[in-house]
Every structure is written in structure tokens, then in C-alpha cells.
Amino acid sequence: MTTQAPSVFDKARLLTEARSAQRTRQDANTLSRQPRLGEGLIKVFLLLCGVVSIFTTVGIAVVLVDQSLLFFTNSEVSLTEFFTTTTWQPQIGEFGILPLVNATLMTSLIAMLVAVPMGMGAAIFLSEYARPKVRAILKPILEILAGVPTVVYGYFALTFMTPLLRAIFGSDTVQIYNTASAGIIMGIMIIPTISSMSEDALSAVPRSLREASYGLGATRLETTVRVVLPAALSGVLAAVIVGISRAVGETMIVAIAAGAGPNFTFNPFEAAETMTGHIARISGGDLSYGSIDYTSIFAIGLTLFVMTMILNIISRAITTRYREVYQ
């Protein structure tokens, strides 16, 4: 079988296309070399923003480590005691951080037990069930919760949630200051964060996957649970971990509603002080610069910083591991 040689017209067309492509590349190179003052300034500004963000984070870490070293190198402080004992009273030489860590983890766990189901439910409804007009109304209303000052949430926990818990479980069981009411209100505060991020992840799943599932006879619920959620798993897990980080670092709610004294307890109806609540309480008093009480604030802050950093690393790893890329 023989192939027909290209005609003169075909050779001319190919030559014309090649010259046109060459001129296009030359024009693009010429445009890229032309000075654009506005774009140059924007590029420099964005670079400065990134550099400032990096140096701010590094500066915070350096200050925490520097001041924490003053605490840990003190002859009264034992690193083993710091991480293993259950009494935190720097004034009498007791430096066990476990009561503060335990209260922080308790309030965060209670908050996530509230925020994850409600946040995911709201996200699934907005993404899969709500009509566009309903979504346009409900999503801004839900996100209003994120704009409420945390001090308002704190007094709401103290004046509404605590009396409600005492009415349900009894005044003898639930103390006025307790980690349960603080954790529940923290969960309500975190709902917009989880729902908004999760809804964005669910909405990013291509419509073709849903249509393929419907074509196989799946219901909307089956499509959501077996197709959409697995496809958006990385974004959903990242939203949950960001919510945990928000709960761990919350200050005003726990400072107002959880209690004002370190207490190693697993009873959510008892008062207990978190790391952030303790920092807020003692930093408002008269602390001498360089004293052990003063440096202990930075030791607690460094512990909290490490916990939050670990959560962010886990979030990054999960996002990278389960990330789905759609064309």
C-alpha cells in the first residue's frame, strides 16, 4: 500500500502554520519582556507578605523557646515532673502540666462531638439537598456564628448552658463552672468553620460522579455517603482538624465558663482550667519579669504551640494523602 505524497498546497499550509506559531511565540516573549510597573509592585508586595508571615511565625517560635528555656533550666523545674505529675502550682514548686492539658483535651473533645455531626450535616444539606436560593440564604446566616465574639459565647455558656445542664442533671452533679458547658458552646462556635470548609470540598466534587451514581440507580443519600463524601475526604478531614485546632486554642469561652483553677479530673461537670484559660488568668495579674510564674506562661504556650503544629502537620499529611484531582 502506497501513501500519497503531500501536495504543494499541503506544504504551503504547513509552512504557514509553522510561521504563525513562531510569530505567536515571539509575540509572547516580547510581551513578557515588556516592563509592567503595576505587576512588578504587586509581585513585590505578595513576596513581602509571604516573608512577613514566615518571619512572624519564626519569631513567635523563637520567643517561646527562648523564654521556655528559662523555665526548664530553672533548678526548681524537672522536665519529667512537668510531663508526668498532676499538680500545677508554680507558687509552691509544683509544675505538672497534665491538669491543664487534660482540661484542654476534654473541652476540645466535647466541642468536636458537637461540631462534627452538626457541621457535616449542615455541609451535606447545603451541598446536596438545598436549592440554590435556600443555600444562598442559609450559608451566610450560618457563617454569622463565626463573627460572634468569643467572650459573648463564654457568657452564653455561663448564663444559659450551665443552668440548662444543672436543670437536666441536677445542681449537685453539675458545678457552676464546668468543662461540659464550655465544650458544648465551643462546638457551636466551630460549626461554621467545619460546615463552610466541608461544603466547599463537597461542592468541588464533579457533577459527573453524582450523575454516574444516579445512573446506576443509587439514591441521593447513597450517592452522598458512598460517592461524594469519599471523593471529598481530604477536604472534610482537613476541616475537622482545623476545627480541633480552633478548639484547642480557644481562650475566652473556657476562661469564663470552664473554671479558674487547675484540676485533674475526667468529670466534665466539674471545674477545670485549660492551658489558654490559665495563661489568660495569671497574665492579668502582677507577675515579675523573669520570675518562674512569668516563664511558666511561655512553657505552657510552647506546649500549646507544639500541639497545634502537630495538628497542622497531620492535616497537611491527610490532605496530601487523600487528595483527589479532577480534570
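The values are calculated or read from the model by the stated rules, or taken from the named source; none is laboratory data. Because the structure is predicted, anything quoted here is derived from the model rather than measured. Cβ atoms come from the backbone with ideal geometry, glycine included; neighbour counts cover every protein chain shown.
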query: Looking at ALA204, is it surrounded by fewer than 20 Cβ atoms within 10 Å (Cβ to Cβ), hydrophobic (A, V, I, L, M, F, W, C) and within 20 Å of the chain's Cα centre (by Cα)?
result: yes
- request: Go through (1) β-branched (Val, Ile, Thr); (2) at pLDDT 85 or above; (3) in the same structural domain as ILE310 (by TED's automatic domain parsing) and name the single condition ILE92 misses.
  value: (2)
message: Suppose the filter is in a helix (DSSP H, G or I) and either without any contact (Cβ under 8 Å) to a residue 60 or more places away in the chain or of a type in the set (Ser, Thr, Tyr) (or both); does VAL63 pass it?
response: no
task: Tell me, yes or no, whether segment 183-193 has at least one residue that is closer than 23 Å to LEU100 by Cβ and either touching an Asp or Glu at 6+ places or on another chain (Cβ under 6 Å) or in a loop (DSSP other than H, G, I, E, B) (or both).
output: yes
- request: Would you mind stating whether ASP200 is under 28 Å from PRO99 (Cβ atoms) and without any contact (Cβ under 8 Å) to a residue 40 or more places away in the chain?
  value: no
- prompt: What residue, among those in segment 145-182 that are farther than 16 Å from ALA255 by Cβ, without any contact (Cβ under 8 Å) to a residue 40 or more places away in the chain and in a helix (DSSP H, G or I), is nearest to the chain's Cα centre (by Cα)?
  reply: GLY147
- line: Per the list (1) crowded, with 18+ Cβ neighbours inside 10 Å; (2) more than 30 Å from PHE298 (Cα to Cα); (3) of a type in the set (A, V, I, L, M), residue check on ILE194 breaks on (2)
query: So, in segment 93-113, of the ones that are within 16 Å of the chain's Cα centre (by Cα) and surrounded by fewer than 19 Cβ atoms within 10 Å (Cβ to Cβ), which residue ends up farthest from GLY261 (Cα to Cα)?
result: LEU113
